[in-house]
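For reference, the structure discussed in these notes is given below.
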Amino acid sequence: MTTLGQDRSKYALEKVLQFKNIDKFDSFAAGAGTMILRNGLGQTMAFWMQKSEGKDTEKHGALLKIVREWLNKKEIIQSSDNISFIKKLGEVSQETYLAAQKETLELLEWIKRYAGAQL
């Protein structure tokens, strides 16, 4: 049996390897947590969705997809696409919202480390 930290690490590594060829992904991932702390999870996710223009092949879209899929996997926020994810962020309880934000920040620490390692 693995710990939640191990699960985060494994997932982050898989995703960083999948998206490592995206231009400036490593520097963007390094500042993603700070963006969430300054603006909030919902506003940050909406901004990333806007900037990505629906493309997972762009740094904003890739990181949005990584976060959305992780929160889905952990059954914190269930969504099938970016629009339903953003919508649900605005509808969940404060407790669930804060849990999603905390989990996202924990995941982004692993993503930042792996992306910065130039794997």
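Just so you know, all these numbers are worked out from the coordinates, no wet-lab data involved. It should be emphasised that the depicted structure is a prediction, and the values quoted were computed from it without experimental measurement. Cβ sites come from the backbone with ideal geometry, for glycine too, and all protein chains shown count toward neighbours.
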Notebook entry, point to check: Quick one: is Leu64 within 10 Å of the chain's Cα centre (by Cα), over 20 Å from Ala30 (Cβ atoms) and touching a residue at least 12 places away in the same chain (Cβ under 8 Å)?
Noted result: no
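Quick one: is Leu98 in contact with an Asp or Glu (Cβ under 7 Å, 6 or more places away or on another chain), assigned to a helix (DSSP H, G or I) and either without any contact (Cβ under 8 Å) to a residue 60 or more places away in the chain or of a type outside the set (A, V, I, L, M, F, W, C) (or both)? Outline the logic, then answer.
Working: in contact with an Asp or Glu (Cβ under 7 Å, 6 or more places away or on another chain): no; assigned to a helix (DSSP H, G or I): yes; either without any contact (Cβ under 8 Å) to a residue 60 or more places away in the chain or of a type outside the set (A, V, I, L, M, F, W, C) (or both): yes.
It is false that Leu98 is in contact with an Asp or Glu (Cβ under 7 Å, 6 or more places away or on another chain), assigned to a helix (DSSP H, G or I) and either without any contact (Cβ under 8 Å) to a residue 60 or more places away in the chain or of a type outside the set (A, V, I, L, M, F, W, C) (or both).
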Check: Can you find a residue in segment 56-66 that is among the small types (Gly, Ala, Ser) and touching a Ser or Thr at 6+ places or on another chain (Cβ under 7 Å)?
Finding: yes
Checklist line | Hits in segment 66-85 - residues which are part of a helix (DSSP H, G or I) and either among the acidic types (Asp, Glu) or surrounded by 19 or more Cβ atoms within 10 Å (Cβ to Cβ) (or both) | finding: Ile66, Val67, Arg68, Glu69, Trp70, Leu71, Asn82, Phe85
Notebook entry, point to check: Within segment 12-48, restricting attention to residues that are surrounded by 19 or more Cβ atoms within 10 Å (Cβ to Cβ) and without any contact (Cβ under 8 Å) to a residue 40 or more places away in the chain, which residue is nearest to Gln118 (Cα to Cα)?
Noted result: Phe28
Item checked: Matching residues, segment 102-117, being of a type in the set (A, V, I, L, M), buried (at least 16 other Cβ atoms within 10 Å of the Cβ) and farther than 20 Å from Ile77 by Cα -> Ala115
